[in-house]
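Handing you a structure now.
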Ligand code: CO
């Protein structure tokens, strides 16, 4: 049995410290349950976004988008809002995105796996129209 170590709400590290498992929730009140996610440099990160609400994807869609450093989240959110055809991932701003999940609605969940970026602090958001102001947090690589 592989022991896991709980480090902070929503985050677990495996025994040898090479992998982080993150679970973050979004709800019907347009909120993430985590404001901060901390992992270590070099870790493989498996992140699951759970939509704990019941509202439809069309009115309360959530995704988890990790942005490169220096990207203005409100500016990005503005561009994302007009990218309905690509689930609010603007095709002309892919260079600003490190990784993102699919867009989901109430009762759904989605998982991605990625390598933690270099040490530093990064912003994460939900890019659904109007959500960035409330659905945001810091992804910190130590
Ligand atoms: Co959202």
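Per the helix-only calculation at 222 nm, which mean residue ellipticity applies to the chain, given -39500 (n - 2.57) for every DSSP H run of n ≥ 4 and division by its residues, nearest 500 deg cm²/dmol?
-2000 deg cm²/dmol
How high is the relative contact order of the chain, in percent, counting Cα pairs under 8 Å that sit 6 or more residues apart?
On the way: 333 pairs, mean separation 42.2, N = 142.
It rounds to 30 percent for the chain.
Let me ask another. Using only Cα atoms, figure out Rg for the stretch 32-109 and give it as a multiple of 2.2 N^0.38 Å.
Values: Rg = 13.3 Å, N = 78, 2.2 N^0.38 = 11.5 Å.
Output field value: 1.16.
Report, in cubic angstrom per residue, the convex hull volume of the C-alpha atoms of the stretch 84-142.
Given the Cα convex hull of the stretch 84-142, per-residue volume reads 110 Å³.
To continue, here is another question. Grab every C-alpha pair in the stretch 1-72, bin the distances at 5 angstrom width from 0 up to the longest one, and report whole percents.
Bins of 5 Å from zero give 3, 15, 21, 20, 17, 13, 8, 3, 0 percent of pairs.
Further question: Percent of alpha carbon pairs in the chain separated by more than 26 Å?
Of all Cα-Cα distances in the chain, 20 percent exceed 26 Å.
Roughly what % of DSSP beta bridges within the chain run antiparallel, to the nearest 5?
70 percent
Another question, then. Spin-label point model (7 Å from Cα, Cβ direction): what's the residue 57 to residue 36 distance in nm?
Taking the two extended label points, one gets 3.4 nm.
Rounded to the nearest 0.05, what FRET efficiency is calculated for residue 92 and residue 12 with R0 set to 35 Å and r the Cβ-Cβ distance?
For residue 92 and residue 12, the calculated efficiency is 0.45.
Continuing with this model, one more query. To the nearest Å, what is the center-to-center distance of the stretch 99-142 and the stretch 1-73, using C-alpha atoms only?
First find each Cα centre; the distance between them is then 7 Å.
Where a number appears in this text, it was derived from the coordinates with a stated rule and is not lab data. Quick caveat: nothing in here was measured; it's all calculated off a predicted structure. As a convention, Cβ positions derive from the backbone with ideal geometry for all residues, glycine included, and neighbour counts pool all protein chains shown.
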